[in-house]
């Protein structure tokens, strides 16, 4: 059904679906370390930024096609993820400490990107539109629709594969009670590192899509904390650590964000309204639906069947 | 965003070619130290809240920015100088903190860390963006006659506003110290921080003490915000950066340690001040992050931290 949808949608609605799929993809990538493993990273924008900048710089200065650049970007993001994970997990930094470490690294990336003139400094990078598919650019927005859909399905497949294997069981054990997991012989450090690397790699790949879909990169947006919030809020609302949580969360929140932006940001001065909505949503979800939408819907469905 | 924070941190002549001028270094250290009083006060508020409730107040910097806007409203609408108005800002934030604790934080004190963090993140988003809707994105700044004047302190040139800010912040820190160590309520607060269950068993009203601790923490940041408003141009996103800076400070100093927050505030401020001189001013925050990473590597419990994490 989703494959045929672009044939009937207006081009504006196609772009809304691109956002839904893309944020579901980023949310799913985050879900691997933040949801299944319960290591709350609040700095995933760092990986988007590293991936985006890598692919864009390679394309602009070395002429490397983003189709290859996206994997280089993903690999570099994974290296950064491994470094942050090493720092954080080596000392068993939990909860707040790990959150702060990830925020600190994202902020460091932002400051560095703002100050390195070779990658555009505070002005950022602009990619000229050529419409050449080799350059990850398409005349028809439906191409982006299918790529974003493919990304979302791929990340969900990765998460499903992890969930079914020992890897996934270990990650849930770490989330539920790390001490107990360690005591029964789960190599917690190794599996947290693996989760971090997979998650940051996928997020870095997403950065390439971000750069070549928007044609521009500014350090304050691509490394900023607001982007990290966008990434984590969808899986949280949908249900962190569940397979379809990020997807459901994105189907709820991405259109909502787009609507509030459309109605309030257009008027000028109301730019903050959609973030107020996010804030209220976070509070409501934490207080009333701490498990997120997917487990709640499952329970509701179970009740009607019984 | 970052540019707003740094421009006024160190008021110096152009620094080109003066890499190792000792006067410049002394000037930067003094300037950073004086600014650090506010950082200390802000971080003590955070560490107090964390110590008593084990909840990290992600809305800390946003509360501070609201205090800055209150000082700004007081100065522009009612002609109240922020060096007087900080009392009012602290009082308003005290009430706000009490309400936030009772209505929201109290419900999740026993929830997992992630849930607490997400709740506070939600509160932070609401506070930051209501400020954006109410006051707009333009950087604001509170004018007071004191920041126009300057005095020579030995070889260095110090503006009076910075000096007064420092002295008031230190006086408030001392008052807070007396409250925590000499008053009954302060003792109860430390008891809850030390062992919440034990304090409950011997008859401490933990809920009430927690609400007051959150309120006092918010009042600290309220006073700090109003005091720093004449020195630091601010806009709604400044809150997030102040939150991140206060987290840095308390981790460097040691989570839950009041002394650690005090010393950490001064250290981070001096480090940023020196960073603004020796690096690009917009890179000054990089210095405090580097400090953070070193601390996490060498001594994750922080300089004055006793507890294991």
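The values are calculated or read from the model by the stated rules, or taken from the named source; none is laboratory data. Predicted model only: the values in this text are computed from it and were never measured. Glycine also receives a Cβ, built like all others from the backbone with ideal geometry; neighbour counts cover every protein chain displayed.
Looking at (1) within 30 Å of residue A:139 (Cβ to Cβ); (2) more than 10 Å from chain B (Cβ to nearest Cβ); (3) out of contact with any strand residue (DSSP E or B) (no Cβ under 6 Å at 6 or more places or on another chain); (4) in contact (Cβ under 8 Å) with a residue 24 or more places away in the chain, which one does residue A:219 not meet, given that it meets all the others?
The single condition residue A:219 does not satisfy is (2).
Please work out if residue A:49 is within 16 Å of residue A:84 (Cα to Cα) and in contact (Cβ under 8 Å) with a residue 40 or more places away in the chain.
Criteria met by residue A:49.
Inside the range B:33-147, counting only helices (runs of 4 or more DSSP H) that do not spill past its ends, which hold 3 or more residues that are within 16 Å of the chain's Cα centre (by Cα) and within 14 Å of chain A (Cβ to nearest Cβ)?
B:60-77
Quick one: count up the residues across the range A:110-121 that are surrounded by fewer than 18 Cβ atoms within 10 Å (Cβ to Cβ) and more than 8 Å from chain B (Cβ to nearest Cβ).
4
Quick check on my filter: what residues within the range A:122-134 are touching a residue at least 60 places away in the same chain (Cβ under 8 Å) and surrounded by fewer than 18 Cβ atoms within 10 Å (Cβ to Cβ)?
A:122, A:123, A:126, A:128, A:129, A:134 - these are the residues of the range A:122-134 that are touching a residue at least 60 places away in the same chain (Cβ under 8 Å) and surrounded by fewer than 18 Cβ atoms within 10 Å (Cβ to Cβ).
For the range A:38-63, enumerate the residues that are away from chain B (no Cβ under 14 Å) and out of contact with any strand residue (DSSP E or B) (no Cβ under 9 Å at 6 or more places or on another chain).
Listed by number, the residues that qualify are A:47, A:48, A:50, A:51, A:54, A:55, A:58, A:59, A:61, A:62, A:63.
Taking the range B:246-280 on its own, how many of its residues are at the interface with chain A (Cβ under 10 Å from one of its Cβ atoms) and farther than 24 Å from residue B:180 by Cα?
The total comes to 2.
Take residue A:243 and decide whether it is at pLDDT 85 or above, crowded, with 24+ Cβ neighbours inside 10 Å and over 25 Å from residue B:61 (Cα atoms).
no
In the range A:5-37, how many are outside any helix (DSSP H, G or I) and crowded, with 24+ Cβ neighbours inside 10 Å?
Of the residues in the range A:5-37, 1 are outside any helix (DSSP H, G or I) and crowded, with 24+ Cβ neighbours inside 10 Å.
Every residue, every condition in (1) at pLDDT below 90; (2) closer than 18 Å to residue A:225 by Cβ, yes or no:
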| residue | (1), (2) |
| --- | --- |
| B:60 | no, yes |
| B:73 | no, no |
| B:82 | yes, no |
| B:89 | no, no |
| B:93 | no, no |
| B:149 | yes, no |
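Report those helices (runs of 4 or more DSSP H) wholly inside the range B:161-280 carrying at least 2 residues which are surrounded by fewer than 21 Cβ atoms within 10 Å (Cβ to Cβ) and out of contact with any helix residue (DSSP H, G or I) (no Cβ under 7 Å at 6 or more places or on another chain).
B:184-194, B:196-201, B:258-278
Here is a list: A:75, A:82, A:52. Which entry is part of a helix (DSSP H, G or I) and buried (at least 24 other Cβ atoms within 10 Å of the Cβ)?
Residue meeting the stated conditions: A:52.
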